[in-house]
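**Student:** Pasting a structure below so you can have a look.
Just so you know, all these numbers are worked out from the coordinates, no wet-lab data involved. This structure is a prediction, so every number in the text was calculated from the model and none was measured. Note: ideal-geometry Cβ built from the backbone for every residue, glycine included; neighbour counts use all protein chains shown.
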Amino acid sequence: MKIKNICCIGAGYVGGPTMAVIAKNCPEIQVTVVDINPERIANWNDENLLKLPIYEPGLDKIIAQCRGKNLHFSTDIPNFIKSADLVFISVNTPTKTSGIGAGQAIDLKYVEESSRIIAKYANGHTIVVEKSTLPVKTAQTIKEILDASTMNNEEENKSFSVLSNPEFLAEGTAINDLVNPDRILIGGEDTQAINALVEIYSNWVDKDKVFTTDLWSSELSKLISNAFLAQRISSINTISALCESTGAKINDVALAVGMDKRIGSSFLNSGPGFGGSCFKKDISNLVYISNHYGLFEVANYWQKVLDINSWQQKRFVELIVKNMFGTISSKKIAILGFAFKANTNDTRESPAIYICRKLLEEGAFLNIYDPKVSSAQISKDLNFSNNQMLNHNWSFSNSLDDAFRNVDAALILTEWNEFQSLEWRNLSKLMRKPAWVFDTRSIVNIEEAQQYGMKVWQVGYGN
Ligand code: NAD
Ligand code: UGA
């Protein structure tokens with residue numbers, strides 16, 4: 001079966017870049033990304049590439065090359081489902097906020113809506129591919145919804161195959177991750193459908209990187225990959241505290257430990273805890289699923305990874321207050337970075353949100369600077385619905401100089417490149433003395449900052 005038309009439901013951080021890379025590498029396939037959000041689609045279609053709804057290095061080039069040729073963005077969902085041989089479901093899968101499993105289970109309503117709309121408009125044989133991260137066994141729900149549309153309806157000329165094809169890209173490196181993936185995971189039962197999807201990837205990925213398995217193993221592997229990655233971060237963050245207490249150097253410990261090939265050196269950077277839309281939601285879901293199957297020890301084990309993440313952020317706020325003579329009331333702090341990591345404009349679950357809210361509650365005034373996050377987004381994230389005064393205790397800075405003017409401290413929360421070589425000679429002059437820098441990403445050259453009179457606290461080193 002040769003795929004000619006692909007439709008992707010969901011034009012977000014996964015749908016957009018993933019389909020762009022498919023379109024670039026498969027010029028003979030027409031790829032259309034659809035979404036219910038007209039503003040998002042308008043931004044994907046904007047002539048001005050600076051208005052693309054997501055910032056991802058290298059993405060603009062591919063959009064410029066493929067958009068209007070074999071890559072399209074549209075709100076006309078029915079039409080593009082009708083003409084598709086293969087539909088990716090790439091919608092958001094947030095944690096439930098109310099009802100059974102609130103705070104842990106995944107809210108599958110967007111996946112269900114997508115399945116229903118595919119069931120209604122698909123035509124002929126359609127391969128339906130789970131791209132979203134989903135709880136194990138979700139493919140069963142999708143299949144039931146799709147099959148119900150064909151049952152007792154002989155006039156309907158439609159049939160479906162469901163595959164799982166989780167996405168492993170990380171924001172900020174998405175294009176490279178998509179172009180050079182460690183693996184392509186495909187779960188399913190229908191060999192023809194699996195082969196059709198393998199064929200698409202084989203346009204740019206070595207076939208030996210494609211791993212096929214059953215649906216449930218594929219769905220679960222995605223959750224577990226995220227859980228293992230997050231677990232490493234919580235592990236190294238516990239050790240950062242131990243290093244601060246003992247005088248051992250966190251970066252040297254991480255390096256020494258990571259030199260063991262069995263452990264590996266990636267994902268051992270201590271910091272303000274993991275953010276992003278997925279780690280917390282996916283591990284919460286793993287905890288929920290484990291409890292559901294009565295595996296309480298398993299659930300407790302993974303819950304600890306989340307607990308350590310919150311503890312690290314709480315610990316940082318307390319350390320800042322303690323270092324600044326026990327109070328930050330009426331003090332000014334420059335916040336460097338609001339995105340959950342460098343090279344993205346995404347702030348979902350960013351450690352900056354919790355930390356800034358707590359600093360505001362302690363009475364500080366914040367100058368917030370991030371090269372890619374907008375003032376409107378920060379305002380949304382920091383909104384105190386029940387305390388208007390706190391909503392006015394921060395300002396958006398357009399430059400580093402702006403952010404540093406008259407502040408008592410600078411707090412580095414995101415590891416943006418431009419924060420890795422701060423000009424302490426000039427910046428320290430803009431600050432009120434004594435002046436602190438709190439470096440939660442371990443990127444400041446401590447001696448250099450100290451040379452210009454800065455009092456430095458760094459994760460894993462302390463003062
Ligand atoms: P996102 O919120 O950026 O995008 C999801 C899009 O789906 C939104 O634009 C929304 O409007 C759209 N949508 C929701 N319901 C719809 C419907 N019924 N019809 C059409 N459009 C609809 O989310 P994301 O970050 O792209 O994540 C999507 C999925 O991929 C999640 O399951 C996530 O866990 C997984 N994932 C995310 C990443 C990442 O780095 N963000 C990486 C790998 C996997
Ligand atoms: C993560 C995974 O890395 C992807 O493989 C996965 O596809 C994706 O989640 C997903 O399912 O959504 P992402 O959240 O975009 O990708 O970014 P990461 O690079 O994993 O960073 C997550 C958080 O961990 C960031 O806040 C980052 O600063 C933090 N982190 C990462 C550390 O604190 N230390 C590290 O060593 C690495």
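**Student:** Kindly provide the GluC sites (Glu not before Pro) of the range 166-272 that DSSP labels as loop, not H, G, I, E or B, and whose Cβ sees at most 11 other Cβ atoms within 10 Å.
**Tutor:** Working: sites: Glu167, Glu171, Glu189, Glu199, Glu219, Glu244; in loops: Glu167, Glu171, Glu189.
Nothing satisfies the criteria.
**Student:** Sticking with this one: Just name one of His292, Phe73, Ile368: the one whose Cα is farthest towards the positive end of the charge dipole of the chain (beta-carbon charges, Lys/Arg +1, Asp/Glu -1).
**Tutor:** Ile368
**Student:** Between Asn445 and Arg405, what FRET efficiency comes out of the Förster formula 1/(1 + (r/R0)^6) with R0 = 22 Å and r the beta carbon distance, rounded to 0.05?
**Tutor:** Working: r = 22 Å, r/R0 = 1.01.
E between Arg405 and Asn445, to the nearest 0.05, is 0.50.
**Student:** Moving on to the next point. From a point 7 Å beyond the Cα of Asn37 in the direction of its Cβ, which residues of the range 340-354 have a backbone N at a distance under 14 Å?
**Tutor:** 345-349
**Student:** Suppose each label sits 7 Å from its Cα in the direction of the beta carbon; what would the Ala170-Ser330 distance come out to in nanometres?
**Tutor:** So the label points at Ala170 and Ser330 sit 4.4 nm apart.
**Student:** Relative to the longest principal axis of the chain, what angle (0 to 90°, nearest 10) does the C-alpha long axis of helix 15-25 take?
**Tutor:** It is inclined by approximately 60 degrees.
**Student:** How many angstrom separate the Cα center of the range 257-296 from the Cα center of the range 23-42?
**Tutor:** Computed from Cα coordinates, the inter-centre distance equals 32 Å.
**Student:** Pop the C-beta distance of Lys314 and Asn383 into the FRET formula with R0 = 25 Å and round what comes out to the nearest 0.05. It would help to have the intermediate numbers written out before the result.
**Tutor:** Numbers: r = 21 Å, r/R0 = 0.84.
Once rounded, the FRET efficiency stands at 0.75.
**Student:** Give a quick list of trypsin sites (Lys or Arg not before Pro) in the range 255-311 that DSSP marks as loop, anything other than H, G, I, E or B, with at most 10 other Cβ atoms within 10 Å.
**Tutor:** Taking the range 255-311 and a limit of 10 other Cβ atoms within 10 Å, the loop trypsin sites (Lys or Arg not before Pro) found are Lys261, Arg262.
**Student:** Can you list the HN-Hα couplings for the range 88-97, worked out from phi with the Karplus curve (6.51, -1.76, 1.60; θ = phi - 60°), rounded to whole Hz and with x for Gly and Pro?
**Tutor:** Going residue by residue, I get 8, 9, 10, 7, 6, 10, x, 6, 4, 9 Hz, with x marking Gly and Pro.
**Student:** So for Thr414, Thr32, fewest C-beta neighbours within 10 Å to most, what's the order? Spell out each step's value before the answer.
**Tutor:** On the way: Thr414 30, Thr32 23.
Arranged by neighbour count, lowest to highest, Thr414, Thr32 become Thr32, Thr414.
**Student:** Can you sort Ser265, Ser132, Ser202 from fewest to most other Cβ atoms within 10 Å of each residue's own Cβ?
**Tutor:** Values: Ser265 12, Ser132 26, Ser202 15.
Result, fewest neighbours first: Ser265, Ser202, Ser132.
**Student:** Apply 1/(1 + (r/R0)^6) to the Cβ-Cβ distance of Lys261 and Asp46, taking R0 = 35 Å, and write down the FRET efficiency to the nearest 0.05. Walk me through the numbers on the way to the answer.
**Tutor:** Values: r = 46 Å, r/R0 = 1.32.
With a Förster radius of 35 Å, E is 0.15.
**Student:** Listing His72, His125, His392 from the residue with the fewest other Cβ atoms within 10 Å to the one with the most, what is the order?
**Tutor:** Details: His72 21, His125 15, His392 11.
Least crowded to most crowded, the residues run His392, His125, His72.
**Student:** So how strong a dipole does the range 198-345 carry about its Cα centre when Lys and Arg Cβ are +1 and Asp and Glu Cβ are -1, to the nearest 20 debye? Before the final figure, lay out the partial values.
**Tutor:** Numbers: 16 positive and 12 negative charges, 134 e Å.
For the range 198-345, the charge dipole is close to 640 debye.
**Student:** So, in nm, how far is label Thr213 from label Lys2 when the simple model puts each one 7 Å beyond its Cα toward the Cβ?
**Tutor:** With each label placed 7 Å out from Cα toward Cβ, I get 3.3 nm.
**Student:** Still on this structure, I have one more. Anything over 25 Å Cα to Cα? Flag those among Lys2/Lys158; Lys222/Lys341; Lys51/Lys96; Lys249/Lys341; Lys280/Lys332, in the order listed. Could the numbers behind the result be given before it?
**Tutor:** Working: Lys2/Lys158 17 Å; Lys222/Lys341 21 Å; Lys51/Lys96 31 Å; Lys249/Lys341 23 Å; Lys280/Lys332 31 Å.
Beyond 25 Å between Cα atoms: Lys51/Lys96; Lys280/Lys332.
**Student:** Using a Cα-Cα cut-off of under 20 Å, which aspartates and glutamates could be cross-linked to Lys331, ignoring same-chain neighbours fewer than 8 residues away?
**Tutor:** Within reach: Glu318, Glu361, Glu362, Asp401, Asp402, Asp408, Asp439.
**Student:** Please say if the range 1-90 is rounded, prolate or oblate, where rounded means a/c under 1.5 for a ≥ b ≥ c the square roots of the C-alpha gyration tensor eigenvalues, and otherwise the choice is prolate for a/b larger than b/c and oblate otherwise?
**Tutor:** Working: a/c = 1.86, a/b = 1.29, b/c = 1.44.
It is oblate, given that a/c is not under 1.5 and a/b is not larger than b/c.
**Student:** Simple spin-label model, 7 Å along Cα-to-Cβ: Ser83 to His392 in nm?
**Tutor:** Result: 5.4 nm between the two label points.
**Student:** Show the residues, 5+ positions off or on another chain, whose built amide H is closer than 5 Å to the amide H of Val129.
**Tutor:** Long-range HN contacts for Val129: Val87, Phe88, Ile89, Leu163.
**Student:** Which residues in the range 209-228 have a backbone N closer than 17 Å to a point placed 7 Å from the Cα of Asp190 along the Cα-to-Cβ line?
**Tutor:** Within reach of a label on Asp190, which here means backbone N under 17 Å from a point 7 Å along Cα→Cβ, the range 209-228 contributes 213-216.
**Student:** Asp206 to Lys322: extension gain in nm, 0.36 nm per residue of separation minus the Cα-Cα distance? Kindly include the intermediate steps, with their values, before the conclusion.
**Tutor:** Values: separation 116, 0.36 × 116 = 41.76 nm, distance 5.36 nm.
Difference between extended and current length: 36.4 nm.
**Student:** Oh, and also: Treating only the Cβ atoms of Lys and Arg (+1) and Asp and Glu (-1) as charged, compute the dipole magnitude of the range 128-211 about its Cα centre; round to the nearest 20 debye.
**Tutor:** Numbers: 7 positive and 15 negative charges, 44 e Å.
That gives a dipole near 200 debye.
**Student:** Taking Cα atoms, how many degrees apart are the long axis of helix 191-201 and the longest axis of the chain, rounded to 10 and kept between 0 and 90?
**Tutor:** 50 degrees
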